[in-house]
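The values are calculated or read from the model by the stated rules, or taken from the named source; none is laboratory data. The model shown is predicted, which means the values in this text are computed figures rather than measured ones. Cβ placement follows ideal geometry from the backbone for every residue including glycine, while neighbour counts extend to all protein chains displayed. Each accessible area value is taken on the protein alone, full model and side chains, heavy atoms only, with ligands, DNA and RNA left out. Shrake-Rupley method; radii C 1.70, N 1.55, O 1.52, S 1.80 Å.
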Amino acid sequence: MSRSFQRFREVVEDRHRYAVEWKARGGGRVFGYMCTYVPEEILYAAGILPVRILGGHEPQDVVEPHIHSMYCPFSRDVLGQALKGRYDYLDGVTVGHTCIHIQQAFESWQFHTPASFSYLLYVPACLHSPHARSCFLEEVKIFKDALEEWLGHTIPPEKLERATEVYNRNRRLLHQLYEIRRQDDPPVSGSMAMEATLASMFMDKEEHSRLMEDALREIGRESNGRFPGMRLMLVGGENDDIEFVRLVESLGAAVVIDDLCTGSRYFWQEVVTGADPLAAIADRYIDAPPCPTKELEERRRLEHIAKLFSDYRAQGAILVHQKFCDPHQIDLPAIQAYFQERHIPTLHLEFDMTTPVGQFRTRIEAFLEMVQLEIL
Ligand code: SF4
């Protein structure tokens with residue numbers, strides 16, 4: 001494995017150390033954020049390092065008094081991380097309003113381990129509404145005002161423009177990495193791509209982009225020599241389970257594309273710059289490939305998944321969601337129907353991110369045999 005990918009792995013595995021060392025190096029502040037609807041560019045423009053809050057994949061033994069057992073394992077694991085003090089270094093915590101589960105985790109987090117700045121950013125529930133754009137922009141303005149009051153200074157437009165450039169560059173580089181996976185024999189495995197993408201959520205974007213440039217050069221020099229296997233797509237929500245992707249790929253498949261909020265949905269859409277930098281940033285979150293919590297009747301999400309599946313020439317799809325995740329469960333029938341109508345094999349798995357993924361081995365093996373039969 002090349003040095004850059006090795007570094008991505010280190011950061012993902014030791015994300016807290018990275019943030020603490022970043023803070024010690026420059027004396028900056030670190031904010032945690034939940035879900036993909038927090039406009040990180042505004043935090044970055046204020047000199048803050050935004051880090052995505054994800055679970056620790058640890059068995060839960062501390063959350064029971066604080067969050068109901070019917071909440072998804074992801075939201076429970078996130079809260080568990082806070083209660084265990086893993087995120088004590090954070091100066092602020094923000095969440096974009098998505099599902100009730102993560103909102104409950106956030107509220108309990110605020111109550112038991114309050115950060116100096118806590119903010120729940122309202123995000124319209126129906127992003128294709130004609131009012132969503134103006135509504136979200138107003139909410140983003142209020143968020144920026146609150147942040148400025150806490151900081152004691154304003155965030156000038158030039159800094160927003162600079163942060164937008166930094167973020168867009170990083171998004172383009174991740175796109176390039178994904179583009180390589182369209183090859184017949186992709187030299188980047190699904191687990192490598194997942195590690196690179198997750199590392200972007202934890203690292204200073206400029207540092208991550210420099211590493212990405214090195215990584216893309218290194219990939220160019222590597223010979224393939226990897227059995228491409230069956231080409232699969234992963235579809236779902238909060239899934240940063242690299243072990244799961246490694247398991248699938250160890251059984252003779254290649255995960256070539258995903259629609260995960262911890263994968264392509266994180267970076268797919270750039271900010272389209274315009275006269276008002278704040279409006280441009282807000283628009284990006286309206287136009288990005290949506291999460292199922294953000295669609296009512298219209299299903300932009302399905303079209304997007306179908307296009308990715310076809311562009312990356314996937315041959316089967318694994319649909320994953322966390323146990324008790326209502327938004328993704330509601331989304332599932334339409335996605336399954338879409339694939340079934342086209343005779344595309346799918347495997348539906350319900351995760352509990354706090355338990356090992358080895359339990360899925362037999363079902364994955366059977367699924368891969370089915371995909372193989374479809375291809376022949
Ligand atoms: S996995 Fe589902 S229920 Fe849990 S936080 Fe994500 S969208 Fe909400």
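Things worth noting here:
- Cα centroids of the range 117-194 and the range 56-71: 29 Å apart.
- CD proxy at 222 nm, helix term only [per DSSP H run n ≥ 4: -39500 (n - 2.57); per residue of the chain; nearest 500]: -16500 deg cm²/dmol
- All Cα-Cα separations within the range 177-323 were binned at 5 Å from zero, giving a P(r) of 2, 9, 17, 20, 21, 16, 9, 4, 2, 0, 0, each value a whole percent of the pairs.
- Karplus-derived 3J(HN,Hα), 6.51/-1.76/1.60, for each residue of the range 13-29, Hz, glycine and proline x: 6, 10, 4, 6, 4, 4, 5, 5, 5, 4, 5, 5, 5, x, x, x, 9
- Nearest-ten-degree value, helix 132-151 long axis tilted from longest Cα axis of the chain: 50 degrees
- The residue among 90, 59, 28 whose Cα reaches farthest toward the positive pole of the charge dipole of the chain, with charges on the beta-carbon of Lys, Arg, Asp and Glu, is 28.
- Area accessible to solvent at residue 98, 1.4 Å probe radius, in Å²: 20 Å²
- In the complete set of protein chains, residue-level accessible area for residue 355 is approximately 60 Å², probe 1.4 angstrom.
- Phi to ³J(HN,Hα) by Karplus 6.51 cos²θ - 1.76 cosθ + 1.60 over the range 165-173, Hz, x for Gly, Pro: 4, 4, 5, 5, 4, 5, 5, 5, 5
- Checked against a 32 Å cut-off, the cross-linked pairs 141/294; 159/323; 144/294; 159/307; 144/307; 23/323 give Cα-Cα distances beyond that limit for 159/323; 159/307; 144/307; 23/323.
- Note on the chain: Rg/Rh from Cα positions, Kirkwood definition for Rh, rounded to two decimals, is 0.94.
- Here the Karplus relation 6.51 cos²θ - 1.76 cosθ + 1.60, evaluated at θ = phi - 60°, turns the backbone of the range 349-362 into coupling constants of 10, 9, 9, 10, 5, 9, 10, x, 8, x, 4, 8, 3, 4 Hz, with x for every Gly and Pro.
- Debye intensity ratio in log₁₀ form over the Cα atoms of the range 13-79, taken at each q of 0.14 Å⁻¹: -0.54
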